[in-house]
C-alpha cells in the first residue's frame with residue numbers, strides 16, 4: 001500500500017480519456033448503444049462570463065429531433081478538475097420527489113436574532129461569527145469521482161422524467177384522446 | 001379557426017390584408033382564474049392562450065375553454081414543461097414542443113409558410129432569487145438559445161413569457177445578452193459586433209408600452225417595494241429575432257376581458273381578484289404588402 005500516491009486518484013484517472021468532455025463522449029456512446037440509436041447526448045461547449053468552461057448536456061430523441069437540456073458541467077478553462085455538475089432545476093412538487101429537505105424555522109429565532117443584534121450594538125465584542133460549511137456534493141476532484149457523480153446525475157428523477165418525456169411521443173395520440181374525454185366530461 | 005382578416009397599414013402606409021395570428025400570454029400566479037381566462041380567450045379571439053403558473057389542471061382549463069369559448073381548442077402535444085399551459089385552436093400553427101430547457105419550452109410555430117420557434121420562458125423572480133442566481137439563469141438561457149438556433153438550424157426565435165426582467169435591464173440589451181433593441185430601426189441592421197463575435201439583433205416592442213405616454217398601463221406588474229424601485233415593471237414581454245419583424249403586427253397589455261377587469265381602482269394589476277400581472281396579447285400578420 002503506497003503512502004505517497006494521492007488518495008482517491010486511481011491509475012485509470014491518469015490514463016485517457018480523463019477530461020470531463022471525454023467522459024461525456026463515453027456516456028454519449030453508451031446512450032446510443034443502449035437505446036439502439038434512438039437517443040443520443042449533444043454536448044454543447046461554451047464559456048461563462050467569469051471565464052469558466054461549461055458543457056451543457058442535452059438529450060436528443062433522434063427520430064423526432066426533439067431535445068431536452070439535462071444538466072451542465074463546469075470547470076476552469078484549461079483545468080478540467082475540479083469539475084462540478086449543475087443539475088437541471090427540479091420543478092417537480094415535493095410529493096413526487098423521492099427525498100427532499102424540509103426547512104423549519106423555530107418560533108423563537110426572530111426574537112433571538114433581535115436580542116443578539118441589540119447585544120451587538122451595546123457590546124460589539126460580543127459578536128460571534130457563525131460559519132456555515134456549504135457542501136457541494138456535485139464537485140469532483142478526479143475523473144473516477146466525476147464518473148461516479150455523472151452516473152448519479154443521470155439517475156436523478158428529473159433527468160429520467162425529461163428523457164421519458166422526450167421518448168413518449170408515441171403515446172401522445174392516446175394522451176390527446178384522454179384530454180378530449182376529460183374535456184367532454 | 002380563430003384566424004381573422006384585418007385591414008391594416010404598415011409603416012409606409014400601404015394597406016394589406018393578411019391573416020392574423022394572435023397569442024395571449026398570462027401569468028395567473030397560481031390562482032384559479034379559469035372564468036377570466038375564458039373571457040380573455042373570447043374577447044381576444046386568440047389562436048393561442050398560454051398560461052404561466054396555472055394551478056388549475058390543463059385538462060380542466062381545456063374543458064372550460066371548449067364549453068365557454070370554442071369547441072376547437074386543444075392542447076398541442078408533445079409538451080413536457082408543466083410550467084406553461086398552452087391551448088390552441090388552430091392546428092396549422094403546430095405548437096408542438098421541440099426542446100425543453102431550464103424553465104423554457106420551445107414550440108414550433110408555423111405561420112404563413114414560415115417556421116418560427118416560440119420560446120416560452122419564465123425567468124427567476126426577484127423575491128426568491130438573488131442577483132447571482134438570476135444572472136446565472138440568463139446565461140443558461142443564452143446558451144439554450146444558441147443551442148436551439150444551431151441544433152434546429154433556425155434563428156427565427158420569438159421569446160415570450162414572464163422574463164422577470166425589464167426591457168432596460170442590462171442582460172436584455174447587451175450584445176452578449178439578448179441583444180434586444182428598442183426600435184425596429186435599431187434592430188434592422190441585423191447584427192452587431194462585440195469583441196470578435198457578431199450577435200444577431202432582437203427587437204423588443206415592449207419599450208413602446210412603457211410609461212405614462214401610452215394607451216394602456218405603464219407596465220405589466222406594479223411593485224414599489226425595494227424589489228420594484230420603478231413602481232411599474234414590464235416583466236411580461238415578447239422579444240423577436242430581427243428576421244421576424246416583418247411578420248410582427250402589435251403587442252398590447254390587456255386590462256379587461258368581457259365583464260372581467262384585471263385592474264384595481266388605481267389602474268394597477270388587481271392581485272386580489274385577478275393576477276399581479278396583466279396579460280399581454282401579441283399579433284403576427286403575414287401576406288404580402290399590396
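The values are calculated or read from the model by the stated rules, or taken from the named source; none is laboratory data. Here the structure is a predicted model, which is why all the values come from computation and not from measurement. Positions of Cβ are generated from backbone atoms using ideal geometry, with glycine treated the same way; all protein chains shown enter the neighbour counts.
Filter segment B:121-155 for residues that are more than 9 Å from every other protein chain (Cβ to nearest Cβ), touching a strand residue (DSSP E or B) at 6+ places or on another chain (Cβ under 9 Å) and in a helix (DSSP H, G or I) and give the result.
Those that are more than 9 Å from every other protein chain (Cβ to nearest Cβ), touching a strand residue (DSSP E or B) at 6+ places or on another chain (Cβ under 9 Å) and in a helix (DSSP H, G or I): B:141, B:145, B:149.
Exactly one condition in (1) over 23 Å from residue A:48 (Cβ atoms); (2) modelled with pLDDT under 95; (3) more than 16 Å from the chain's Cα centre (by Cα) is false for residue B:142; which is it?
(1)
In this structure, is residue B:59 part of a loop (DSSP other than H, G, I, E, B) and either under 30 Å from residue A:167 (Cα atoms) or within 12 Å of chain A (Cβ to nearest Cβ) (or both)?
no
Consider residue B:84 carefully, then state whether it is more than 14 Å from chain A (Cβ to nearest Cβ) and surrounded by 21 or more Cβ atoms within 10 Å (Cβ to Cβ). Reasoning before the result, please.
Values: more than 14 Å from chain A (Cβ to nearest Cβ): no; surrounded by 21 or more Cβ atoms within 10 Å (Cβ to Cβ): yes.
The answer is no for residue B:84.
If you go through segment A:32-49 one residue at a time, how many are more than 10 Å from chain B (Cβ to nearest Cβ) and assigned to a loop (DSSP other than H, G, I, E, B)?
4
Yes/no matrix, rows are residues, columns are (1) closer than 19 Å to residue B:175 by Cα; (2) in contact with a strand residue (DSSP E or B) (Cβ under 6 Å, 6 or more places away or on another chain); (3) buried (at least 24 other Cβ atoms within 10 Å of the Cβ):
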{"residue": "B:205", "(1), (2), (3)": "yes, yes, no"}
{"residue": "B:210", "(1), (2), (3)": "no, no, no"}
{"residue": "B:213", "(1), (2), (3)": "no, no, no"}
{"residue": "B:218", "(1), (2), (3)": "no, yes, no"}
{"residue": "B:222", "(1), (2), (3)": "no, yes, no"}
{"residue": "B:225", "(1), (2), (3)": "no, no, no"}
{"residue": "B:232", "(1), (2), (3)": "no, yes, no"}
{"residue": "B:235", "(1), (2), (3)": "no, yes, yes"}
{"residue": "B:240", "(1), (2), (3)": "yes, yes, yes"}
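For segment A:50-59, give me the residue count where each residue is touching a residue at least 24 places away in the same chain (Cβ under 8 Å), in a strand (DSSP E or B) and either more than 23 Å from residue A:157 (Cβ to Cβ) or facing another protein chain (nearest Cβ under 9 Å) (or both).
Of the residues in segment A:50-59, the ones touching a residue at least 24 places away in the same chain (Cβ under 8 Å) are A:51-53, A:55, A:57, A:59.
Now restrict to residues that are in a strand (DSSP E or B): A:52-53, A:55, A:57, A:59.
In the following step, the residues that additionally are either more than 23 Å from residue A:157 (Cβ to Cβ) or facing another protein chain (nearest Cβ under 9 Å) (or both) were identified as A:52-53.
Selection size over segment A:50-59: 2.
When you check residue B:100 against the structure, is it in a strand (DSSP E or B), within 12 Å of chain A (Cβ to nearest Cβ), closer than 25 Å to residue B:56 by Cβ and at pLDDT below 95, yes or no?
Working: in a strand (DSSP E or B): yes; within 12 Å of chain A (Cβ to nearest Cβ): yes; closer than 25 Å to residue B:56 by Cβ: yes; at pLDDT below 95: yes.
Yes.
Okay, residues lined up against (1) buried (at least 18 other Cβ atoms within 10 Å of the Cβ); (2) in contact with a helix residue (DSSP H, G or I) (Cβ under 7 Å, 6 or more places away or on another chain):
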site: B:132; (1), (2): no, no
site: B:138; (1), (2): yes, yes
site: B:145; (1), (2): yes, no
site: B:156; (1), (2): yes, yes
site: B:165; (1), (2): yes, yes
site: B:173; (1), (2): yes, no
site: B:178; (1), (2): yes, yes
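Regarding segment A:139-153, can at least one residue be identified that is in contact with a helix residue (DSSP H, G or I) (Cβ under 9 Å, 6 or more places away or on another chain), more than 11 Å from chain B (Cβ to nearest Cβ) and assigned to a loop (DSSP other than H, G, I, E, B)?
Yes, segment A:139-153 has at least one match.
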